[in-house]
Amino acid sequence: TMRAPRIFCVWTALGLCAVTVFGAMTWLTRNVLAAERERAAARHERALAEARADIEERTRLALWRMDALGAAIVLRENLHPVGHYDLKGNSPFLTSTDPEVFLHFQIRRGGGMTSPELDEPDITDAKVIEIRKERMKRLRTLLAANPLPGDEWTQLNCAVQAGETTWNAVPKDAPKEQEANMTQRLNNDGGYNRRDSTYQSYSNTSEYAQRAKAVAKNIDNSISNESQMKATQKLADKDGQVAAVLKDEGSVTQTAASLDVTPMRGVWLGGELFLLRQLREGIPNPVGVGERDPMSILTQSVQGVWLNTEVLKRQLLDEVADLLPKAALVPAVGENVAKDPLTLVSFPFRLERNETATAPFVGEEVRFGAPLLVGWVAVVMAVLTSSLLVRGVMRLSERRASFVSAVTHELRTPLTTFRLYSDMLESGAVKPEKRGEYLRVLSREADRLSHLVENVLSFSRIERGSARSVVRETTVSDLLEPMRERLEARLATAGMTLEMDSSCALRVRVDSAAVEHILFNLIDNAAKYASSGEHPAVVIKVRDAGGNLEISVSDHGPGIPVSERRRIFNAFHKSAREAAESRPGVGLGLALSRRLAKSLGGGLECVDSEQGACFVLRLPLE
């Protein structure tokens, strides 16, 4: 056998190699994962920046769409002549079908609030008038409940001024430093840098200014001179034309009245949205009079449109449903409204996108984790294969050493007998009446050697896969009966007998030589270990076991412990010491017999028995 220090050295060397390989793989894995995590984080950040840039671009396009629709609504209301608010009949507002409009109204300084939609003498549907009156009542209640001080005129007039102030605060041009910064970034990057957050911020501010400029052009400049002419004509046609006489050093000058109208602006008042504009009727002041206002105000009024906020928001959001499906509009109030790029220019709404930029991250790690996993599996399998290979080589070396030791011991005894008896027979030292006994001993030892060599050669052929068999169909009786004489002769050498009932008509298709070899090995073992039993006989029985032929070989010897039943079928399971201390044999017969049985399509097992050992050979029936 291999010495313990040698075994320890082999396994130590293998362990060091495994530790080295696993250490290298661990270091490589850690570095690869760290590098890939950094690259994945960079890819994730780029994808996230792209997603944010995409949201920003969709947001800017959505703001343009909503401001285009909002500007059209504001422009439509601005183009209504101021005289329509004074009509007592045939008001175009009464037949208006705009769903976003609740009520048109007007209030004069020092006077009450009126609406051209309340009194219509020719209308046939009184229900419409009732609806308008109810809305006027709600409007008065709204203004009365407003926490801001002042009467209806004061509140509406202040709201007009606040709306104009907010509108004037909206930038109509992008800051020069931002334009310069954007130009520098474009030159440095060689193109449009979508992922740059500062660039996107500057773009939002620039787009906000451009939207404000476009809306101002559409609203302020689109209020045609014709509407102003209609307003002036309204003053000229009024009963008792307004005139002003300015006294200058005793002289009297007569000047025609003029009208100053501001564009309508969206304002929040009491939680409701209005479009309001201011009208001032007066006489232009002569140059040099010194007043700050170029007009001497005679009358002031505010004309407005009470808007249906929910309908208006729905109309605006429908325009951008394909861009921002989760978007919402909230009232834009406060000092920083004019500085927020997400605020609409046409109406005081702020866009809430309700959308967060996301980018996949886990999938990146999965892609680079698969090769590492394959590498680890390969390394583990290589180490395990190497361990199994080394273990197999060491076991093979152990088995070879055991075989050599056992065979050497097994050959030494008969060879010693051959030499001693041959020398004695040659020298004439054996009496004539004893020569027959000496010759029988020599014959028995020759059979023993022959059986040993036959087992070794058969096992070698099976191991190499070169064993040949001659399969034929026969009955069980014809299979077993020719073996009887050889089996009885082997048992007779141990003083034992054979009890075999071979009268069976079952047919099998087997290699009879292989079956004989198996049974002879079983009989040989019984002759070696069971000859000292109370009943020195070996019993062979056959029976049909559901498609299989079972041939049982049992004796009355000491039997085989359950713990040893698996080990006895291992080739060369005897060590040199066991071969020397036990009965003759190298531990090859049972291993060879089981392999021969499997080659025949059956099997060989050691089963429980009341007394002695019992082996069962199973063969498939024809």
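The values are calculated or read from the model by the stated rules, or taken from the named source; none is laboratory data. Quick caveat: nothing in here was measured; it's all calculated off a predicted structure. No Cβ is skipped: glycine too gets one built from the backbone with ideal geometry, and neighbour counts run over all protein chains shown. Side chains are part of the model used for accessible areas, which takes the heavy atoms of the whole protein and leaves out ligands, DNA and RNA. Shrake-Rupley method; radii C 1.70, N 1.55, O 1.52, S 1.80 Å.
Scanning region 489-515 for residues that are open to solvent by less than 50 Å² (accessible area, probe 1.4 Å) and charged (D, E, K, R) returns a single hit, Asp511. Can you pull out every residue in region 375-414 that is modelled with pLDDT of 85 or more and loosely packed, with under 13 Cβ neighbours inside 10 Å? Passing the criteria: Val377, Ala378, Met381, Ala382, Leu384, Thr385, Leu388, Leu389.
Just one of the numbered conditions (1) part of a helix (DSSP H, G or I); (2) touching a residue at least 12 places away in the same chain (Cβ under 8 Å) is not true of Leu87: (1).
Could you look through region 524-580, keep only residues that are of a type in the set (Val, Ile, Thr) and either modelled with pLDDT of 85 or more or over 60 Å from the mean Cα position of the chain (by Cα) (or both), and pick out the one that is surrounded by the most Cβ atoms within 10 Å (Cβ to Cβ)? Looking at residues that are of a type in the set (Val, Ile, Thr) and either modelled with pLDDT of 85 or more or over 60 Å from the mean Cα position of the chain (by Cα) (or both), I get Val538.
Just one residue in the set Ala18, Ala71 is surrounded by 15 or more Cβ atoms within 10 Å (Cβ to Cβ) and within 34 Å of the chain's Cα centre (by Cα); that residue is Ala18. The residue that is nearest to the chain's Cα centre (by Cα), among those in region 600-622 that are open to solvent by 80 Å² or more (accessible area, probe 1.4 Å) and at pLDDT 85 or above, is Glu605.
Checking Arg76, Arg138, Arg52, Arg58 one by one, the residue that is touching a helix residue (DSSP H, G or I) at 6+ places or on another chain (Cβ under 8 Å), assigned to a helix (DSSP H, G or I) and either surrounded by fewer than 16 Cβ atoms within 10 Å (Cβ to Cβ) or modelled with pLDDT of 85 or more (or both) is Arg52 and no other. Among the residues of this structure, Arg448 counts as one that is in contact (Cβ under 8 Å) with a residue 24 or more places away in the chain and either in a helix (DSSP H, G or I) or crowded, with 19+ Cβ neighbours inside 10 Å (or both).
Name the residues in region 405-455 that are within 25 Å of Glu488 (Cβ to Cβ) and of a type in the set (Val, Ile, Thr), would you?
Answer for region 405-455, where residues must be within 25 Å of Glu488 (Cβ to Cβ) and of a type in the set (Val, Ile, Thr): Thr413, Thr417, Val441, Val453.
Only one entry in Gln161, Gln106 is crowded, with 17+ Cβ neighbours inside 10 Å, at pLDDT 85 or above and over 47 Å from the mean Cα position of the chain (by Cα), namely Gln106.
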